[in-house]
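The values are calculated or read from the model by the stated rules, or taken from the named source; none is laboratory data. Since this is a predicted model, take the numbers as computed values, not measurements. Here Cβ is always computed from backbone atoms with ideal geometry, including for glycine, and neighbour counts include all displayed protein chains. Remember, those area values only see protein heavy atoms, side chains included, never the ligands or the DNA or RNA. Shrake-Rupley method; radii C 1.70, N 1.55, O 1.52, S 1.80 Å.
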Amino acid sequence: MTVTHALRILVTQKRSKVWLYFTRKDANAVICNSCKSLISAKGGTTSNMQKHLATQHAIRLQDCRVFD
């Protein structure tokens, strides 16, 4: 699979941009790709992940233009 094809799949799935910064550990947790912190993500919710990016890494997702 090419990078372009992988990005096209992500765009069509309408995943949150927050997933660019995290890797799923299991059904209830994710790992930050930057600092390797374990973050709760029960039910696939991304609010804790967004808060982690804002408070720990000063990243605001509205500034991200990767999929635009």
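Okay, here's what the table says:
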| quantity | calculated |
| --- | --- |
| Flag for Arg15 being at pLDDT below 95, surrounded by 10 or more Cβ atoms within 10 Å (Cβ to Cβ), outside any loop (DSSP other than H, G, I, E, B) and charged (D, E, K, R) | no |
| Given (1) open to solvent by 60 Å² or more (accessible area, probe 1.4 Å); (2) at pLDDT 95 or above, number of the condition Gln50 does not satisfy | (2) |
| Residues within region 25-46 that are out of contact with any helix residue (DSSP H, G or I) (no Cβ under 9 Å at 6 or more places or on another chain) and at pLDDT 90 or above, tallied | 5 |
| Output for region 18-54, where each listed residue is assigned to a strand (DSSP E or B) and in contact with a Ser or Thr (Cβ under 8 Å, 6 or more places away or on another chain) | Ala29, Val30, Ile31 |
